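Working notes, structure below.
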Amino acid sequence: MAKSLVMVEKLQKKFLHEGREVAVLNGIDLGIDEGEMLCVVGQSGAGKSTLLHLLGTLDLPTAGRIVYDGVDVTKMSSARLAEFRNEKLGFVFQFHHLLPEFTALENVMMPGLIRGQRRAEVTQRAQALLEEVGLAHRLSHRPGELSGGEQQRVALARALVMNPRLVLADEPTGNLDSKTSEAIHTLFFELNRTKGITFLIVTHSRELADMMPRKVTMRDGKVEKDEQQHGFTLPAAAVPVGDDTLDPPTPHG
Ligand SMILES: Nc1ncnc2c1ncn2[C@@H]1O[C@H](COP(=O)(O)OP(=O)(O)OP(=O)(O)O)[C@@H](O)[C@H]1O
Ligand SMILES: [Mg+2]
């Protein structure tokens, strides 16, 4: 049986807006296993990003629990949370929040440097990841000197540099052309298969949603449907973004 990664129980989120309570999440129950690939879909305003923020411990729920490995993260101190996020989670947002003053390489290195890891080691890992996303030739460019899709790929490399167990992605390919999107989607599947990283991806892309083995549909702050799908079969000789191929995939099981 697969190992549970996170359990979400009776999760609620209300915001206070101009003196009135706005109920955004109305009791979400969701379990995610180690190594799963799931997408969250649903109409605009359904609460998808809010759920992602809570799962990412970037915000606190009004009620309910989020349990990683038996530990309720909603009860953790902010110091422990910062460490937990840095070590276990990778974030990819639609607007990627790269640091404009730093190069692509430095942006990807940042989580490792913050964690106090050795510079040489972090440099090597960051460089390897940028190669994997096809940006070996853009290491010293600052975000302003990169295209939107390239920035997105830098953000993805940054999300992966700490070898997270869970990547939380909010419309990660929302503003990319279809070819680049496809290449990044393929990369997600490669990383899932080769490194066992769990992916939770919020998307409006029908194509991506249809590829995912599990599809959770949200509506009005609730899980309306939770479906297992046939999903995506990675082509045997998949070539990800750019010229650099990933490690050869290892078969399941
Ligand atoms: N800080 C806030 N204060 C008040 N209301 C908020 C706040 N954040 C979000 N909301 C409301 O919560 C609802 C859900 O927002 P959320 O961003 O989770 O939607 P979403 O499903 O991600 O939508 P989209 O597909 O458009 O990104 C929206 O109606 C939004 O207006
Ligand atoms: Mg959203």
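Would you please give the residues with an amide H less than 5 Å from that of D226, counting only those at least 5 places away or on a separate chain, with H modeled from the backbone geometry?
T217
Quick one: Karplus J couplings for the range 8-22, per residue in order, coefficients 6.51, -1.76, 1.60, θ = phi - 60°, nearest Hz, x for Gly and Pro?
9, 10, 6, 6, 10, 9, 10, 10, 9, 10, 6, x, 10, 7, 10
Need the list of lysines near K48 for cross-linking: C-alpha distance under 17 angstrom, and skip anything on the same chain fewer than eight residues off.
Cα-Cα hits under 17 Å: K10, K13, K14, K215, K222, K225.
Given the chain, what whole percent of its Cα pairs are spread farther than 27 Å?
36 percent
What is the magnitude of the charge dipole of the range 4-228 about its Cα centre, with +1 placed on the Cβ of each Lys and Arg, -1 on the Cβ of each Asp and Glu, and no other charges, expressed in debye to the nearest 20?
400 debye
Give the distance, in whole Å, between the Cα centre of the range 206-229 and the Cα centre of the range 142-198.
What the calculation gives is 20 Å, centre to centre.
Over the Cα atoms of the range 139-200, what radius of gyration and what Dmax do you get, in Å?
Answer for the range 139-200, Rg first and Dmax second: 11.9, 33 Å.
Exactly which trypsin sites (Lys or Arg not before Pro) in the range 108-138 are in a DSSP loop and have at most 11 other Cβ atoms within 10 Å?
Qualifying residues, ordered by number: R118.
Mind listing which GluC sites (Glu not before Pro) in the range 62-130 are in a DSSP loop and have 10 or fewer other Cβ atoms within 10 Å?
Hits after loop and neighbour filter: E101.
Report the FRET efficiency, 1/(1 + (r/R0)^6), for S4 and D226, where r is their Cβ-Cβ distance and R0 is 22 Å, rounded to 0.05.
0.90
Taken together, the values in this text are just the output of simple stated rules run on the coordinates, not laboratory data. From a predicted model like this one, the values you see are computed outputs, not experimental measurements. Glycine also receives a Cβ, built like all others from the backbone with ideal geometry; neighbour counts cover every protein chain displayed.
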